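Notes follow once the structure below has been shown.
Every read-out reported here was derived from the displayed coordinates using simple, explicitly stated rules and does not represent laboratory data. Computed from a prediction, not measured in an experiment: that's the story for all the values here. As a convention, Cβ positions derive from the backbone with ideal geometry for all residues, glycine included, and neighbour counts pool all protein chains shown.
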Amino acid sequence: MTHSKRYWKHKLWLIDLFAWIIFPFDRAFRLALRFKVQQNKYNRSALTYGETPYAVLAHMMSKSKARPGQLFLECGCGYGRLSLLAAQGWRLQAKGIDLIPAFIKAAKRICSTLGIEGCGFVCGDMFSQNWENADIVYVTSTTFPLEVRQQLNAKWSELSAGTHVFTLTYPPEGEHLTIISSEVLSFSWGASTLFHAIVL
């Protein structure tokens, strides 16, 4: 099935419709910006808002050979769009994590309204969460400062062998990780490199 057909057949467009109703135009960006200025210097750059296109999610699903029932972990999920799409379109178990309460509230609202199964959201620090059961991990790390990237590289050790890891701009680093590919793709803010690694 092509990704376009999947989008319409599984009514993934309803997720985007509800998201647009809650966050029209640049409202999500402005909400993230307001939250960002309230944080300490350490967190501010890591909270820069951007959206990953459906085409990139579909590409990651294809690269990782995603199967129904696998756990998709989205760190920095915003209002949960990718997690919702992964659960509805690929029948994955999905978990989204974000620091912004309003985003998590919206994600849960969309999930409940559309009756999407196997999808959950947590408001909190991604480093305080358990990652060990994840099969596919996506982290939008483009604006992460060095300190956060170092924490991230330490976190990979929790993952089981065979877990697929996708990051943006900066490759995941660790002795038990091997980079499979790096590709420049289009995002809402412009071009970024998507790194794909697998845990050994």
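Some notes on this structure:
- Linear extension gain, HIS10 paired with SER62, 0.36 nm per residue minus alpha-carbon span: 17.0 nm
- Linear extension gain, THR2 paired with LEU17, 0.36 nm per residue minus alpha-carbon span: 3.3 nm
- Percent RCO, i.e. relative contact order, over the chain, from Cα pairs under 8 Å lying at least 6 residues apart: 18 percent
- Taking Cα centre as origin and charging only the Cβ of basic (Lys, Arg, +1) and acidic (Asp, Glu, -1) residues, the dipole magnitude of the chain rounds to 700 debye.
- Legend: translational diffusion of the chain by Stokes-Einstein, Rh = Kirkwood radius over C-alpha pairs, 10 °C, 1.306 mPa s; D = 94 µm²/s.
- Pairs over the 28 Å Cα-Cα cut-off, from the set LYS63/LYS95; LYS9/LYS108; LYS9/LYS155; LYS65/LYS105: LYS9/LYS155; LYS65/LYS105.
- The residue list GLY174, THR2, ILE198 was ranked by how far each Cα lies along the charge dipole of the chain toward its positive end, using unit charges on Cβ atoms, and THR2 comes out on top.
- Taking the charge dipole of the stretch 47-153 about its Cα centre, with +1 at Lys and Arg Cβ atoms and -1 at Asp and Glu Cβ atoms, the residue from GLY118, GLY89, CYS77 reaching farthest to the positive side is GLY89.
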